[in-house]
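Below is one structure, written out as structure tokens; the observations come after it.
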Amino acid sequence: MNIIVITGASSGMGREFALQLDRGLLAIDEFWLVARRAERMKELAAIMRHRVKILPLDLSFESDLVLFKEMLAEEKPAVRMLINCAGYGMIGDFSDIPIEKQAGEVDVNCRALIWTTHACLAYMRKNSRIIQLSSSAAFLPQPGFSVYAATKAFVQSFSMALGKELSDREIYVTAVCPGPVRTEFFDIAEGYGDTLAIKKYTMVEADRVVRDALKASGKKRAMSVCSLPIQAFAAISRLLPHRLLIDLTWRMKRNGSDRSTRSWELSERLR
């Protein structure tokens, strides 16, 4: 049985990957959708053409990761594609955000990703694909988004190294590094801080990012970077010293915070 495994499948990028692959693939027998929200996945499964197995797992729990591994061992499917989309980020200064939420970023964005990848590799064969959702945040340390950017740098580094390790097996790994994408991500991310205004001008739709990612994976590319502004950012982050770029980012963040504070103070005086 040929399957596709998608984590974070209940919304956003994971949902979009499921929809686009469901329309385009004939040799797949079943999709395994993995996420916490079972009802969301049931709604998605109802509009998909392929058979779907819904796995309502919380990948921040080791017990659920073990359960996922046991399900693979029991059914022994051929995993033709693994797409790791599960993850989240918190915007704000490190000291202002509860440590449990930030440690959770590491658990889901990094630990769960390597668990699911390791578990699926035992069932992958020649010409299988792995797509890891990284981020343009991987290109540069980001004050005010420090833990998330660090987790995505991990994903980027891991994906590049893993792709080389698997080259002899002809299993191809693509790291997807978009900028801001219009999904529910920011509903959670902005709980403790605001997104830089410049990032909102580079926001793209999820369907475009997924199309680019699938095209890159089909061409066996190691990385997919969607949109010209983010491609330019990737180039700048390679060419200029990170210390300079970090300082610039920090000043933009602080200037934005100062403007927000002044606006709030003005509105208070006008009441």
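Please go through segment 11-27 and pick out each residue that is modelled with pLDDT of 95 or more and more than 22 Å from Ala175 (Cβ to Cβ).
Hit for segment 11-27 is Asp22, nothing else.
Considering only segment 217-231, state which residues are part of a loop (DSSP other than H, G, I, E, B), modelled with pLDDT of 90 or more and crowded, with 19+ Cβ neighbours inside 10 Å.
Val225
Search segment 9-38 for residues being within 10 Å of Ala206 (Cβ to Cβ) and in contact with a Ser or Thr (Cβ under 8 Å, 6 or more places away or on another chain), and hand back the single one that is least open to solvent (accessible area, probe 1.4 Å).
Gly14
Inspect all residues belonging to segment 163-174 and state whether any of them is at pLDDT below 95, open to solvent by less than 30 Å² (accessible area, probe 1.4 Å) and either part of a helix (DSSP H, G or I) or in contact with a strand residue (DSSP E or B) (Cβ under 6 Å, 6 or more places away or on another chain) (or both).
no
Which of (1) touching a helix residue (DSSP H, G or I) at 6+ places or on another chain (Cβ under 8 Å); (2) part of a loop (DSSP other than H, G, I, E, B) is the odd one out, the single condition Phe17 does not satisfy?
Looking at each condition in turn, Phe17 falls short on (2).
Among the listed residues Ala35, Ala45, Ala78, Ala27, which satisfies the condition of being under 21 Å from Arg211 (Cα atoms) and touching a residue at least 24 places away in the same chain (Cβ under 8 Å)?
Only one candidate qualifies: Ala27.
Do we have any residue at all in segment 131-138 that's open to solvent by 10 Å² or more (accessible area, probe 1.4 Å) and either over 20 Å from Ser217 (Cβ atoms) or among the charged types (D, E, K, R) (or both)?
no
If Ser159 satisfies all but one of (1) part of a helix (DSSP H, G or I); (2) in contact with a helix residue (DSSP H, G or I) (Cβ under 6 Å, 6 or more places away or on another chain); (3) surrounded by 21 or more Cβ atoms within 10 Å (Cβ to Cβ), what's the number of the condition it fails?
It fails just one condition, (2).
Could you tell me which numbered condition Met124 fails, if it satisfies all but one of (1) of a type outside the set (S, T, N, Q); (2) under 24 Å from Trp32 (Cα atoms); (3) outside any loop (DSSP other than H, G, I, E, B); (4) out of contact with any Ser or Thr (no Cβ under 6 Å at 6 or more places or on another chain)?
Status for Met124: all satisfied but (3).
Only residues in segment 97-121 that are in contact (Cβ under 8 Å) with a residue 12 or more places away in the chain count as the first member; pair them with residues that are part of a helix (DSSP H, G or I) and hydroxyl-bearing (Ser, Thr, Tyr), Cβ under 8 angstrom, at least 6 apart or cross-chain, and list the lot.
Glu105/Tyr148; Glu105/Thr151; Val106/Thr151; Asn109/Tyr148; Asn109/Thr151; Cys110/Thr151
Here is a list of conditions, (1) at pLDDT 95 or above; (2) within 27 Å of Ile246 (Cα to Cα); (3) of a type in the set (D, E, K, R); (4) open to solvent by 50 Å² or more (accessible area, probe 1.4 Å), and Glu105 meets all of them except one; can you say which number that is?
(4)
Just checking, does segment 76-86 include any residue being within 30 Å of Met203 (Cα to Cα), at pLDDT 95 or above, open to solvent by 20 Å² or more (accessible area, probe 1.4 Å) and part of a loop (DSSP other than H, G, I, E, B)?
Yes, the conditions are met somewhere in segment 76-86.
The values are calculated or read from the model by the stated rules, or taken from the named source; none is laboratory data. Here the structure is a predicted model, which is why all the values come from computation and not from measurement. For neighbour counting, all protein chains shown are included, and Cβ atoms are generated from backbone atoms with ideal geometry for every residue, glycine included. Side chains are part of the model used for accessible areas, which takes the heavy atoms of the whole protein and leaves out ligands, DNA and RNA. Shrake-Rupley method; radii C 1.70, N 1.55, O 1.52, S 1.80 Å.
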